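*Asks:* Can you keep this structure in mind? I'll have questions shortly.
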Amino acid sequence: MRQLNNILEGFGSTILLLFRSIGYLPSLPRQFGRFVEQCYLIGYTTLPIVAILSFFIGSVLALQAGYSMQNFGAKQFIGSLVGLSMARELGPVMVAILLAGRVGSAITAELASMKVYQEIDALVTMNIPPVRMLVMPRLAAAVVMVPVLAIIANLVGWFGGAIVSKYTNFISIDPPAYFAALRRFMEFKDVANGLIKAEVFGLGVVLVCCNIGLNTRGGPREIGASVTRAVVTSLILILVLDYFVTKALM
Amino acid sequence: MNNFQQTARVGLFFILGLALTWVTFETLRGGKVFKDQGYNLIAGFESLKELKEGDEVRMAGVKIGEVEKTRLAGRRAEAVLRISHQVKIKSDASAMIVMAGLIGTNYLSVTLGTEAAPDLPDGAEITTKTTPDLNSVMTQMGELGKKLETAIGDLSSALSGDGKNETGIIKKVDQLITENRENISKATANLQEITTKVNKGEGTLGRLISDPKMYDELVSTIAEIKNGASEAKTFIANAQKIVDQVKSGQGAIGALVFDQKAGDDIKVSIANLRSVSEKIARGEGSLGKLLSDESLFRDAQSIMKKADRALDGLDDTGPITAVGVVYGGLF
């Protein structure tokens, strides 16, 4: 019962945090420096790991698809399989998971330590709303940067699949044929679908991590616990949201 | 890292994201940001089968547009096509749904039509042809299989009998052979005898086959027939030439048949002859009087008698000219 209460409390405080952040949105131009800093952290520094991971996910997808499909002569559809999987599902989900692991944990750790060391209280004392200064720029940066990460993940994944399809003996499909199959069964709608999903996930992850960080209570030990809780909650949220967003966008 | 560098990197990263989104968009939309406005045509079908929005419209295998919308219009299905402005579709062109692969991908194929036909305007309806889809082909194959099975069953029962009342053809033939075994062996023997004779060169057929003289005669006969045919051909050619000449109005017959002036002259001559004969009949003119007046006949008779006598007297009177005698006789 207490756990359920905690879940509901977390859910409600996250929603309230979102609305409060939206309310502070007009102050974004005045915090442009902070916004750029967050963009740098969320987008630019996350790019290498997103590129490496999506390249290998695309490659593995092509490899597995080629292995399964060679038995019934459907190898020429690898391009469309990798393309659609990356654009609609794996690209956005993977970006969101990386965001939770790399950025979300950092956000929670930072906000939790600020809370534990009473920096947040100091801000409140100075009549500076912590949400305006700490949460809103992060949310805005996530909204702008996550789709960029997702489109890069898609393209790198497609190229990874193309390279594996070309240089694997039992697949041997040239890139033109691979991309022709990809184009044939894909529309921009599929990519846009994935970008919307990535946007929702990114917003959710940053919001959850900020909320957990701001609600940390206790000593330094609680900082670590908050980070763990934030990452786990983010991962669960991503997968739960994934189902509903996919269903809604179909 | 200073603030400026950070901002520049974020800006660059954002621009990179936008550029990649643009590239993806261009690639998946066939390099066009805004759809080619083109013009619309309507293709009505009994069923659109697997044709769906966004499927290609091809002319001679080249993509010229796409299916913009599919809808149900009364008792038929309609596909609204968006055709590129650069392609004009002729009014006698026709559209049909063609299967691009076995996994349900279709496209709409449009024929070229004739060069002289007018172009179809925006919103016009294109003629369509129904093509059998895989399901209907399968159904027909199934029906064909059933028919084939029935036919083979019928043939089998015709050959071997249905095992009840009807006896099969094979049994009947067997009976026939059994009953006529003697006759057949006789006929075979006769046939053998005939072939032996032919081999030996006996009889007309045998001689024809074995005697070279007979062969030569046959060859010369054929040559003569050929010759005759060639002459007949020449004759027909000549006759054709004459007919052509007559047709072109050359020669007397040609003039008679085809020359208008000659025809008119003949008509006039006949009319003159008719008037002369009528005058004669009425006793007008010398000839008429000669024919109708008996006194003239009698005068002529007496003149003839006198002439006769004068001729008789020629032997006595010596060489007198005939003109003199006639003259003397008459006057």
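*Asks:* Which one of A:Ala177, A:Val148, A:Gly161 has its Cα pushed farthest toward the positive end of the charge dipole of the range A:77-201, where Lys and Arg give +1 and Asp and Glu give -1 at the Cβ?
*Replies:* So the residue furthest toward the plus end is A:Ala177.
*Asks:* If each residue's Cβ is checked for other Cβ atoms within 10 Å, how do A:Lys166, B:Lys233 rank with the fewest at the top?
*Replies:* Fewest-to-most ranking of A:Lys166, B:Lys233: B:Lys233, A:Lys166.
*Asks:* Follow-up. For peptide B:255-266, compute the average count of partner chain beta-carbon atoms within 10 Å of each residue's beta-carbon.
*Replies:* What the average comes to for B:255-266 is 0.
*Asks:* May I pose another question? Using Cα pairs under 8 angstrom and six or more residues apart, how large is the relative contact order of the range B:108-208, in percent?
*Replies:* RCO, the range B:108-208: 8 percent.
*Asks:* How much net charge surrounds A:Gly66 when only the other residues with a Cβ under 12 Å from the Cβ of A:Gly66 are counted, with Lys and Arg +1 and Asp and Glu -1?
*Replies:* Taking every Cβ under 12 Å from that of A:Gly66, the sum is +2.
*Asks:* Using θ = phi - 60° and the Karplus relation 6.51 cos²θ - 1.76 cosθ + 1.60, list the HN-Hα couplings for the range A:98-109 in order, rounded to whole Hz, with x at every Gly or Pro.
*Replies:* 4, 5, 5, x, 8, 8, x, 4, 5, 4, 4, 4
*Asks:* How charged is the neighbourhood of B:Asp55? Take every other residue with its Cβ under 13 Å from the Cβ of B:Asp55, and add Lys/Arg as +1 and Asp/Glu as -1.
*Replies:* After counting each charged neighbour, the total is +1.
*Asks:* Would you please give the FRET efficiency between B:Leu290 and B:Phe235, computed as 1/(1 + (r/R0)^6) with r the Cβ-Cβ distance and R0 = 35 Å, to the nearest 0.05?
*Replies:* About 0.10, to the nearest 0.05.
*Asks:* A further question follows. Give me the percent relative contact order of the range A:75-198, please, defined on Cα pairs under 8 angstrom at least 6 residues apart.
*Replies:* Averaging sequence separation for qualifying contacts and normalising by length gives 56 percent for the range A:75-198.
*Asks:* Right, next: Taking the Cα-to-Cβ direction at A:Met69 and at A:Ser13 and moving 7 Å from each Cα, how far apart do the two end points lie in nm?
*Replies:* 4.8 nm
*Asks:* Still on this model: Per-residue HN-Hα couplings for the range A:223-229, Karplus 6.51 cos²θ - 1.76 cosθ + 1.60 at θ = phi - 60°, whole Hz, x for Gly and Pro?
*Replies:* Karplus-based 3J(HN,Hα) across the range A:223-229 equals 4, x, 4, 5, 4, 4, 4 Hz.
*Asks:* Per residue of the range B:40-53, what does 6.51 cos²θ - 1.76 cosθ + 1.60 with θ = phi - 60° give for ³J(HN,Hα)? Whole Hz please, x for Gly and Pro, Karplus curve as stated.
*Replies:* Listing the rounded values in order: 9, 9, 10, 10, x, 9, 5, 8, 7, 6, 9, 5, 9, 4 Hz.
*Asks:* Tell me, how many Å apart are the Cα centres for the range A:179-250 and for the range A:102-126?
*Replies:* Computed from Cα coordinates, the inter-centre distance equals 22 Å.
*Asks:* Also: To the nearest 20 Debye, how big is the dipole of the range B:72-220 about its Cα centre, given +1 on the beta carbon of each Lys and Arg and -1 on that of each Asp and Glu?
*Replies:* In total the dipole reaches around 180 debye.
*Asks:* Using the 10 angstrom Cβ neighbour count as an exposure proxy, how do A:Arg221, A:Arg229, A:Arg2 rank, fewest first?
*Replies:* Lowest to highest Cβ neighbour count: A:Arg2, A:Arg221, A:Arg229.
*Asks:* Still on this structure: By how many degrees, between 0 and 90 and to the nearest 10, does the Cα long axis of helix A:47-69 differ from the longest principal axis of chain A?
*Replies:* Roughly 40 degrees between the two axes.
*Asks:* Additional query: Count charges around B:Leu41 for me, please; just the other residues with Cβ under 13 Å from its Cβ, Lys/Arg as +1, Asp/Glu as -1.
*Replies:* Here the charged neighbours net out to -2.
*Asks:* Averaging sequence separations of C-alpha pairs under 8 Å and six or more residues apart, then dividing by the length of chain A, give the relative contact order as a whole percent.
*Replies:* Computed value for chain A: 34 percent relative contact order.
*Asks:* Test of understanding: ordering A:Tyr243, B:Tyr215 by Cβ neighbours within 10 Å, fewest first, what list do you get?
*Replies:* By the 10 Å Cβ count, ascending, the order reads A:Tyr243, B:Tyr215.
*Asks:* Dipole of chain B, Cα-centred, from +1 at each Lys and Arg C-beta and -1 at each Asp and Glu C-beta, to the nearest 20 debye?
*Replies:* Roughly 1000 debye, rounded to the nearest 20.
*Asks:* Whose amide H sits under 5 Å from the amide H of B:Thr128, counting only residues 5 or more places off or on another chain, with H placed in the peptide plane?
*Replies:* B:Ala95
Coordinate-derived values only; no laboratory data. Bear in mind the structure is a predicted one, so any value in this text is a computation, not a measurement. Don't worry about glycine lacking a Cβ; one is built from the backbone with ideal geometry, like all the others, and counts go over all protein chains shown.
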